[in-house]
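The values are calculated or read from the model by the stated rules, or taken from the named source; none is laboratory data. Only a predicted model underlies this, so the values are computations on that prediction, with no experimental measurement involved. Cβ: placed from backbone, ideal geometry, glycine included. Neighbour counts: every protein chain shown. When the accessible area is computed, the model is the full protein with side chains, heavy atoms only, and any ligands, DNA or RNA have been set aside. Shrake-Rupley method; radii C 1.70, N 1.55, O 1.52, S 1.80 Å.
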Amino acid sequence: MAENVFGKSKPKGDKEIMKGTIFRRLLTIVFLCLAAQIGVCAEDRAGEGELIRNMKTRMAEEGILFLREMESGIAGIDPTSGTLTIRDWNGKTTGTIRLSDCLDPVYECSGLLDCTDAADNGWAAVFSLDELSDHPMLALCRLSPDGQCLWSTIFEQQPQWGWTMLACDQAGGVFLVHVRDGSSRKSVLRYFSSDGTMQWKKTLSFEVLVYSPFALESMQGNEVRLLGTAVSVSKGIYEAVELQLTSGADVISAAAWDFGRVTHDYAARLQLDRLNHTVDLYYVKDQGKGSNQAGISLEALETCDVPAFSLEDADASVQ
């Protein structure tokens, strides 16, 4: 029975019944299409994950080390030929750069820390040098599409171990992020112009929290997004944090997600899927009880307030 405007019921007509039937059928079709689309997206994402794993496996079997994912493919060091080798997702080699052309021979290359695509179809790469010595160094190199080193710069690696990541903007500039101290309470952000001149260096820290940067991704124009975790076990704070920054060192947006309801694994990490531009949190499940790794999409977590942070000029001790 349908309710009229006066609150009294009246029998449904044939046309009204037909309209209701058609509406229900259309609604069913929409839901089925949405469900199918979700299934396709999940399949696509799983397939792309398998593609990445297979590519890495093949390259590792060939002896290519320190594999790093980019949006356009995978980069790694071939120690036999002494080259940085880059392949696209079809397995085709798109770049072969001799390490001797971009690294001073007085240093020993200890590995590839990160490699990223540049707007001109070239790349930016950061290498660790003399890592087992008392004075480990970082070498940032800007590489052209034909495999030439356009410029490079070398500075101290502090501390010896820590997350290091790169992103390029559309103007040819390069962002570099590196953990600053052994306690992981500070990170250094540097920005280099297209000619290799360092424009600024800033120290990023979160108030009384241990901050671990895990991923840096290029956005539109001169912007990047930085993804990390801010944690305090004593205070019970477990947050994933995203900052969007410009080449002028401005923070234009910030967001945070609470993963404390999912896990208290203080070493939980964020992983960026560069093909899908999605982020997952990986953590150890049931620690000490046959523990295994679990993962959850950042979008599945509840949002929360962004913890207090500062982005200030780095002091003189930072080279």
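Of the residues making up the range 128-148, those that are within 20 Å of Gly172 (Cβ to Cβ) and either surrounded by fewer than 17 Cβ atoms within 10 Å (Cβ to Cβ) or among the aromatic types (Phe, Trp, Tyr) (or both) are Ser144, Pro145, Asp146, Gln148.
Kindly indicate whether any position in the range 278-286 is of a type in the set (D, E, K, R) and in contact (Cβ under 8 Å) with a residue 40 or more places away in the chain. No, the range 278-286 contains no residue that is of a type in the set (D, E, K, R) and in contact (Cβ under 8 Å) with a residue 40 or more places away in the chain. Here is the figure for the range 64-85: residues that are free of Cβ contacts under 8 Å to residues at least 24 places away in the same chain, open to solvent by less than 30 Å² (accessible area, probe 1.4 Å) and part of a loop (DSSP other than H, G, I, E, B) total 2.
Go through the residues of the range 170-179 one by one and say whether even a single one is over 19 Å from the mean Cα position of the chain (by Cα) and not small (Gly, Ala, Ser). No: zero hits. Checked against (1) farther than 28 Å from Asp280 by Cα; (2) within 22 Å of the chain's Cα centre (by Cα), Gly76 passes all but condition (1).
With respect to Asp250, is the statement that it is free of Cβ contacts under 8 Å to residues at least 12 places away in the same chain and either basic (Lys, Arg) or open to solvent by 50 Å² or more (accessible area, probe 1.4 Å) (or both) true? Judged against the criteria, Asp250 is a match.
This table checks each residue for (1) open to solvent by 10 Å² or more (accessible area, probe 1.4 Å); (2) at pLDDT 95 or above.
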{"position": "Trp161", "(1), (2)": "yes, no"}
{"position": "Cys168", "(1), (2)": "no, yes"}
{"position": "Ala171", "(1), (2)": "yes, no"}
{"position": "Val179", "(1), (2)": "no, no"}
{"position": "Arg185", "(1), (2)": "yes, no"}
{"position": "Val188", "(1), (2)": "no, no"}
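Could you tell me whether the range 236-247 includes any residue that is touching an Asp or Glu at 6+ places or on another chain (Cβ under 6 Å), closer than 26 Å to Arg53 by Cβ, open to solvent by less than 50 Å² (accessible area, probe 1.4 Å) and of a type in the set (D, E, K, R)? No, every residue in the range 236-247 fails to be touching an Asp or Glu at 6+ places or on another chain (Cβ under 6 Å), closer than 26 Å to Arg53 by Cβ, open to solvent by less than 50 Å² (accessible area, probe 1.4 Å) and of a type in the set (D, E, K, R).
Residue-wise test of (1) of a type in the set (A, V, I, L, M); (2) modelled with pLDDT of 95 or more; (3) not in a loop (DSSP other than H, G, I, E, B).
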position: Gly182; (1), (2), (3): no, no, no
position: Thr203; (1), (2), (3): no, no, yes
position: Phe214; (1), (2), (3): no, no, yes
position: Tyr238; (1), (2), (3): no, yes, yes
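Selection of the range 190-206 for residues being open to solvent by 20 Å² or more (accessible area, probe 1.4 Å), within 16 Å of Cys141 (Cβ to Cβ) and charged (D, E, K, R) yields only Asp195.
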